[in-house]
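Working notes for the structure below.
Coordinate-derived values only; no laboratory data. Only a predicted model underlies this, so the values are computations on that prediction, with no experimental measurement involved. Glycine also receives a Cβ, built like all others from the backbone with ideal geometry; neighbour counts cover every protein chain displayed.
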Amino acid sequence: MLDQHRARFGAKGALEPEAEVTRIEALLRLGRHDQALGLLDAQVLTAAGVGREMLVARAELRAEKGRCGAALNDFNLLLAAETPPDLVTERALYGRATCRAQQGDWAGARSDLEHYLARFPKGRFADQARTAIGK
């Protein structure tokens, strides 16, 4: 249906941004990460609104592909935003710690993991964070 919408209204249709988000979400749910990342890489994303979800997804996919430098830029953008702690913040903080560790920045990774545990003591990644820092 999204392809039909694009064919009918073009890539500049009034609802194209919403259609693109839906397309990316569908690809992610189908496990078609390479295709989703291709679309996400073409996006100019912000750390506000629906852009937060897309930005953390792009960062995680970039990290998954070994592109931690680019992923760190996205994680940093998310973590610099003044937002209350939410699932996106949780994913970004743990993701940044993981990328920092992969790049050999052990102090930065440890700092992120300790910050993660302070903010999300029962979070999705709390067990892995405790294991990583020996708590």
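Tabulated data
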| quantity | calculated |
| --- | --- |
| Net charge of Cβ neighbours under 10 Å - reference residue 93; Lys, Arg +1; Asp, Glu -1 | +1 |
| DSSP H segments from the chain that extend 20 Å or more along their own axis, Cα-based, with Kyte-Doolittle mean of -0.5 or above | 50-64, 87-102 |
| Isotropically averaged projected area of region 67-135, using the convex hull of Cα atoms (one quarter of hull area), nm² | 4.3 nm² |
| From the C-alpha gyration tensor of the chain, square roots of 5λ in Å | 31, 14, 13 |
| Those GluC sites (Glu not before Pro) in region 76-135 that DSSP places in a loop and that have at most 10 other beta carbons within 10 Å | 82 |
| Of 97, 40, 59, farthest towards positive along the dipole that unit charges on Lys, Arg, Asp, Glu beta carbons give the chain | 97 |
| Candidates 80, 70, 101: whichever shows maximal mean-square fluctuation once the chain is modelled as a Gaussian network with Cα springs under 10 Å | 80 |
| Order of 50, 44, 56, 21 under a 10 Å beta carbon neighbour criterion, fewest first | 44, 50, 21, 56 |
| Taking the chain and dividing mean pair separation by its residue count, relative contact order in percent (alpha carbons under 8 Å, at least six apart) | 14 percent |
